[in-house]
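> Below is the structure I would like to discuss, written out as structure tokens.
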Amino acid sequence: MSEFNFKILRVSLTDNKTLTEHLSPEIMFRFLGGRGLGVKLIYDELKSGVDPLSPDNILIFAVGPLTATSVPTAGRFVVITKSPLTGTIFDSHCGGYFGAQLRKAGYVAIVIHGRSSTPAYLWIDDDKVEIKDATHLWGLDTYETTDRLLDETGPKAQVACIGPAGENGVKLAAIINDKHRAAGRGGVGAVMGSKGLKAVVVKGSKSPSVSDEDSLESAVKRARLLIKKNPVTNKALPVYGTAVLVNLINEFGMLPTHNFQEGTFNDAEGVSGEKILERLLVKTYRCHGCPIGCGRITRVNDIEIGGPEYETVWAFGPQCGINDLETITLANHKCNLYGLDTISVGSTIGCAIELTEKGLMESQLHFGQIEGLLDMIDAIAYKRGLGAELAEGSRSLAEKHGAPELSMHVKGLEIPAYDPRGAQGHALGYATSNRGGCHLRSYMIGPEVMGSPVRLDRDRTEGKPELVILYQNLSAAMDSLVVCRFTNFAWTIDDYADMISAAMGIPIGGDEFLKIGERIWTLERLFNVREGLTAADDRLPKRFFKPLPEGGSRNRVVHLDELLPKYYQLRKWDEKGIPTKALISELEIG
Amino acid sequence: MTLSVEELAKMIDHTALKADTKRSKIKQLCEEALTYEFGAVCINSIHVEYAAELLKNSDVKVCCVVGFPLGTNLSSVKAFEAKEAVRLGAEEIDMVMNVGALRDGNIELVQSDIEAVVRASGDAHVKVILETGLLIDDQKREACRIARKAGAHFVKTSTGFGPMGATPYDVKLMREVVGSTMGVKAAGGIRTFKDALIMIDAGANRLGTSSGVSIIEDYRWARYSTSWMQPEKPCWRCPSRAANLNKQPKDVYLWYKQRCITCPHRDENIFND
């Protein structure tokens, strides 16, 4: 592999300086790139206790060794930082086309330090790097920002930017590429805003080199075939988008409704992927190098909108008791414009509604009522009135109003669209996620609900810790390549290992690939421990220990007490959830 | 159960039997069968000659369905179809039994129907599809005995177009009747490696499935965890749970549901998953 692939760009916004560094191959071999590389750099370089919105925090945009190669879906990028929402290490992923351009410009990562005294944007045109003034862009939404920057830099460039939410330090703020692809979770947009960085614009013309082109081509050919053979990646996702899950998850009684008070939404059919296809779809959208094409471009009120996908439908739909597909889609659009995470925004609004209906706070919001929803998103983005409270996330909101149990979060991150009472493995995945309430760290919905790769009894606890760890390690390694999570329906561990072997020239098998994932996962854990997180943070909201009243998951509760000790034991962590010295030594991350 | 990928692949009849199957699909099916070294491709007679050409000089056999999917053709028609299929290159024949005759108790007709196909098939192996979802247990046992007596080589659970697919319960029952002298093919609804392994564990030595590629590819997951094979809810694969009044004769449907009344797992049959 040539040196080209190991180059990172360091940017000091405080000093208005940039520096190119060559990474040692050893780091790439042990952490691959993307999430793993970012975690390693943050762990090594960020002091403990740093305020995430201070200049001392580090913001990393990273791609991986497969990015912009012929590997399907390998055009994504990941943002790694310390999250202002969770206080944990955080990686937030984004599709679109930015990642491929970054790699083509010759970088596997941009590491951003400091804070600019005036609004700035970073312009990377192959080897030419400039920190440019963005005063004229400050205050603009992501659509206007993208359009203006493309006018300035040329149509071939790609823009990753923040909107007003990021500028205003909203802890639910996202970074947006291509106007509607979001590095949504964890408030990474707020970190970018805190640095005075409005956008990163990149254009590249280089072809990433790979170690063994023939082997990679062979692995890619096979990978494409597997995507074509798989019913999820070849039928369900391309035809209906991710919202194909609405009806399925509702049938299982796991579609969180009214802030997780119920698991069944009576009007699920009306907000389903099938209904989006019938009523709103204009065309599908595919990210760089993607043969799946799960993205939706819809139209409401003559506005062309990117989305909604499953989590967004849920967040502004069942979570808030709303069955109006147009309103849900418009809410999605507002989040795209302002640069907001739809999951956390919708979930926090759902929390606010429950607080209101229980008489714990005053607002005009009510379950099932569309009036006020869109206005509340405006208020969150600009931190106006009650919106300023919601802008801090549901944990802060619920604590402030004396009912912390009404925030459906783990480690401060709002839990997405699967009620964990209906799937024990998925529940454990939520509780132990290093970045908080996340469905993607270990997508046990695959085996526990969708039957992929095989169907598991979702109520059993036996064997689940082992599989959660398997998925967590796999996702950490996959996220370091960087490829789309949906490939996981079609590819097995060995396929990823084959591709990385060919691309990097390191002959690794599936076991070694998983070991890299374990190394990354453990390092994330060590970071969080260093920040003061403990086993008490591997928790779930109290609500999940009371049975659901009705639906396909009625009478079920989460059995975390059965799952967690076994999980720690298999992880080789002590009873306090701290990785043992033996493990640290084994993984060579001490 | 320790089964290599190659051993599992050899047990699979890679199947495409739908009405909309195009020639390109047959080509793909055969290419996949060669790549994965499946035991056979299972196809309709119209595609036999083409598939035989694509698979010549390989170990992958061409298996042709006959009297498919209802089994209600004249015996002479089934025999003719089998003979033609063999002439065009089929090495295995999957015939659908005359289910109505069995339900009538017309054992002679069922047996002569099978015998006619066995004779017409020459050296080709004949598998008799019972369509278990249309039968009660005694009828399944009777059908197995008739198939054995008529000289068939395999009994097979289902067409995949009937009221239910293969269940481990039926596979086990069929294996118990035919013993080790005949083969048992499980077909219908086998989509994952777990489905496949459960059928094999119940006694199947051939599997009919259109998901052969996924099964073999996903079987590589098995290496990374034994938890995939954790026990399931007892009702999941029970034919009584799968019984459907809209698809089955009323008497058969009620016979299946009657079993639920005395089932020890009755209280566990709560949820719809």
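> Mind listing whichever residues of the range A:219-228 are out of contact with any Ser or Thr (no Cβ under 6 Å at 6 or more places or on another chain) and touching a residue at least 60 places away in the same chain (Cβ under 8 Å)?
A:Ala219, A:Arg222, A:Ala223, A:Arg224, A:Leu226, A:Lys228
> Moving to a separate point now. Residues that are basic (Lys, Arg): which strands (runs of 3 or more DSSP E) entirely in the range A:155-206 hold 1 or more of them?
Output list reads A:181-183, A:197-203.
> Would you confirm, using the coordinates I've provided, whether B:Ala204 is crowded, with 18+ Cβ neighbours inside 10 Å, away from every other protein chain (no Cβ under 14 Å) and at pLDDT 95 or above?
Yes.
> Are there any pairs, at least 6 apart or on different chains, whose C-beta atoms fall under 7 Å, with the first in the range A:432-444 and on the phi > 0 side of the Ramachandran plot and the second assigned to a loop (DSSP other than H, G, I, E, B), and if so, which?
Listed by first residue and then by second, the contacts come to A:Gly436/A:Thr86; A:Gly436/A:Thr88; A:Gly436/A:Lys411; A:Gly436/A:Gly412.
> For the range A:505-529, how many residues are within 12 Å of another protein chain (Cβ to nearest Cβ), touching a helix residue (DSSP H, G or I) at 6+ places or on another chain (Cβ under 6 Å) and in a helix (DSSP H, G or I)?
Count: 4.
> Within the range B:246-268, restricting attention to residues that are assigned to a helix (DSSP H, G or I) and of a type in the set (Val, Ile, Thr), which residue is surrounded by the fewest Cβ atoms within 10 Å (Cβ to Cβ)?
Filtering first and then ranking leaves B:Ile261.
> Which one of the conditions (1) of a type in the set (A, V, I, L, M); (2) within 14 Å of chain B (Cβ to nearest Cβ); (3) buried (at least 21 other Cβ atoms within 10 Å of the Cβ) does A:Ala502 fail to meet, given that it meets all the rest?
The one condition A:Ala502 does not meet is (2).
> Do any helices (runs of 4 or more DSSP H) entirely within the range B:10-122 hold 1 or more residues that are in contact with an Asp or Glu (Cβ under 9 Å, 6 or more places away or on another chain) and under 20 Å from B:Ser214 (Cβ atoms), and if so, which?
Once the helices (runs of 4 or more DSSP H) in the range B:10-122 are filtered for at least 1 residues that are in contact with an Asp or Glu (Cβ under 9 Å, 6 or more places away or on another chain) and under 20 Å from B:Ser214 (Cβ atoms), what remains is B:23-36.
> Let me ask something else about it. For the range B:218-241, what are the residues that are assigned to a helix (DSSP H, G or I) and within 13 Å of chain A (Cβ to nearest Cβ)?
B:Asp218, B:Tyr219, B:Arg220, B:Trp221, B:Ala222, B:Arg223, B:Tyr224, B:Ser227, B:Trp228, B:Met229
> Next up: Is it the case that some residue within the range A:466-484 is farther than 21 Å from A:Arg35 by Cβ, surrounded by fewer than 24 Cβ atoms within 10 Å (Cβ to Cβ) and free of Cβ contacts under 8 Å to residues at least 12 places away in the same chain?
No: the range A:466-484 contains no residue that is farther than 21 Å from A:Arg35 by Cβ, surrounded by fewer than 24 Cβ atoms within 10 Å (Cβ to Cβ) and free of Cβ contacts under 8 Å to residues at least 12 places away in the same chain.
> Does A:Ala502 satisfy the criteria of being in contact with a Phe, Trp or Tyr (Cβ under 8 Å, 6 or more places away or on another chain), part of a helix (DSSP H, G or I) and within 28 Å of A:Glu26 (Cα to Cα)?
Judged against the criteria, A:Ala502 is not a match.
> Is it the case that A:Ser394 is buried (at least 24 other Cβ atoms within 10 Å of the Cβ) and among the hydroxyl-bearing types (Ser, Thr, Tyr)?
yes
> While we're on this one: Which condition breaks for B:Ile215 when tested against (1) among the β-branched types (Val, Ile, Thr); (2) within 14 Å of chain A (Cβ to nearest Cβ); (3) in a strand (DSSP E or B)?
For B:Ile215, the exception is condition (3).
> Has the range A:429-440 got at least one residue that is in contact with a Gly (Cβ under 8 Å, 6 or more places away or on another chain), basic (Lys, Arg) and more than 14 Å from chain B (Cβ to nearest Cβ)?
yes
The values are calculated or read from the model by the stated rules, or taken from the named source; none is laboratory data. Keep in mind that what you see is a predicted model, and the values were worked out from it rather than measured. As a convention, Cβ positions derive from the backbone with ideal geometry for all residues, glycine included, and neighbour counts pool all protein chains shown.
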